[in-house]
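Only one structure is covered here, and it is reproduced in the block below.
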Amino acid sequence: MDGFIGELIGTCILMIIGAGCGATLNLKKSYGQANNWFYVSIAWGFAVAFGVYVAGQFGSQGHLNPAVTLGFALFGFFPWKEVIPYILGQFIGAFIGATIVVIHYYPHFKETKTAEEGNTVGIFATLPSINNPLFNFLSEVIATFVFIFTLLNLGNFTQGLKPLIVGFLIATIGLALGGTTGFALNPARDWGPRFAYTILPVPNKTNAHWDYAWVPMCGPLVGGILAAGLQFILH
């Protein structure tokens, strides 16, 4: 139960900060409206870092990500009995975090009437810069592989300054590899908020693009499994 609560709260914190960054960048009359990829990458990096800190305080290992949880479990780095509570916590936490951002920015959604103005699912979930499903999938596999393989070599990443290191790792991956797909790296971080955008009464909302959603689900899972498998072979 501690793992479920920790993952739920930690992922919720991650989503509030990360989607809040997206809303700040995109919605009309927000002071932060500008398309600055460095800002996006740093904001999501710190979103993960603070989510890990909070999750760790509630007894979780701070995965916040089914690709981490499943990849670790498949190769013996994490107990199988904790997989379902962790993943449930991650998806529910991401949904709740996105909902809080909708409430916080509700007047701005009302002012932002079209996708061209910035009212898109991209505030919450990922979309490709160039729509090429095969290469979009490979981009997510590669970026998640780099993330999780590095993560596996950090030891207990909820302690001391290590969550900040994880945050800088995320930001670095965003800057280096995120320009193609928006670096989902995390099925819960994408699907939970995408579902929230779909079912909540968001003013002037546009297409949630579920046709693309298989990429941020499958790509990170494959990347995480490959990273954990390589770690297992090497050690």
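Okay, residues lined up against (1) loosely packed, with under 15 Cβ neighbours inside 10 Å; (2) under 29 Å from Phe109 (Cα atoms); (3) touching a residue at least 60 places away in the same chain (Cβ under 8 Å); (4) touching a Phe, Trp or Tyr at 6+ places or on another chain (Cβ under 7 Å):
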| site | (1), (2), (3), (4) |
| --- | --- |
| Asn136 | no, yes, yes, no |
| Leu164 | no, no, yes, no |
| Pro187 | no, yes, yes, no |
| Ile199 | yes, yes, no, no |
| Ala208 | no, yes, yes, yes |
| Val215 | no, yes, yes, yes |
Q.
What are the pairs with Cβ atoms under 6 angstrom where one residue, in segment 81-95, is closer than 15 Å to Leu221 by Cβ and the other, located anywhere, is among the hydroxyl-bearing types (Ser, Thr, Tyr) and surrounded by 24 or more Cβ atoms within 10 Å (Cβ to Cβ)? Sequence gap at least six, or different chains.
A. Val83/Thr69; Tyr86/Thr69; Ile87/Thr69; Gln90/Thr11
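Quickly run through segment 99-132 and pick out the residues that are part of a helix (DSSP H, G or I) and within 22 Å of Gly219 (Cα to Cα). Show your work before the answer.
Start the filter on segment 99-132 by keeping residues that are part of a helix (DSSP H, G or I), which leaves 99-104, 106-111, 121-123.
Residues satisfying the conditions are Val121, Gly122, Ile123.
I'd like the full set of residues that are touching a Pro at 6+ places or on another chain (Cβ under 8 Å) and not in a loop (DSSP other than H, G, I, E, B), limited to segment 190-213. Steps first, please.
Of segment 190-213, the ones touching a Pro at 6+ places or on another chain (Cβ under 8 Å) are 190-191, 212.
Asp190, Trp191 - these are the residues of segment 190-213 that are touching a Pro at 6+ places or on another chain (Cβ under 8 Å) and not in a loop (DSSP other than H, G, I, E, B).
Throughout, read-outs are computed from the coordinates displayed, never taken from laboratory work. All values derive from a computational prediction rather than experimental measurement. Don't worry about glycine lacking a Cβ; one is built from the backbone with ideal geometry, like all the others, and counts go over all protein chains shown.
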